[in-house]
Amino acid sequence: MNYKIIAFLLFISWQSFAQEKNTTTDQEIKIEINSKTKTIYILGGIASTITKEDMAFSKKYHIQYYDFGCVAPLDFEKYEKANALVFENLTVNFGKQWEKEIKNSAMGFSEWKKVKK
């Protein structure tokens, strides 16, 4: 009987911890969007996938790329959400021109583009 109560209490405490962690993530994303230089997360490979064109894009639009390399992040949704906010910010500040120049492997870009059309 006591075992069931302890297991139930552990389950409830684990659920509340997971919810608190998501709030922190949302706050981190909002803080990053308000910073001067925005970050766009991309999935790379063994070798870096950032090219000279990407560096020119980065300089022109005041963003930076973060390449995960061959190790994919655990929380794709967090990074896709952060990228979507950066995409919105780019649209507000630069119109649609940046969409033709951005690296297509930016996490969540194709999905964001489908939703916007």
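The values are calculated or read from the model by the stated rules, or taken from the named source; none is laboratory data. Just so it is clear, the structure is predicted and the values come from calculations on it, not from any experiment. Here the Cβ is made from the backbone with ideal geometry for all residues, glycine too, and neighbour counts use every protein chain on show. In case anyone asks, the SASA skips ligands and DNA or RNA and just uses the protein heavy atoms, side chains included. Shrake-Rupley method; radii C 1.70, N 1.55, O 1.52, S 1.80 Å.
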Quiz item: What accessible surface, in Å², does a 1.4 Å probe find on PHE57, ignoring ligands, DNA and RNA and rounding to the nearest 10?
Solution: 0
Exercise. Pull out the extension gain between LYS59 and ASN2, defined as 0.36 nm times the separation in residues minus the alpha carbon to alpha carbon distance; nm, one decimal.
Key: 14.4 nm
Self-check item: Loop-located trypsin sites (Lys or Arg not before Pro) in the range 49-109 whose Cβ has at most 12 other Cβ within 10 Å (DSSP)
Solution: LYS96
Quiz item: Counting only the heavy atoms of the protein chains, how much of ASP75 is accessible to a 1.4 Å probe, in Å² to the nearest 10?
Solution: 70
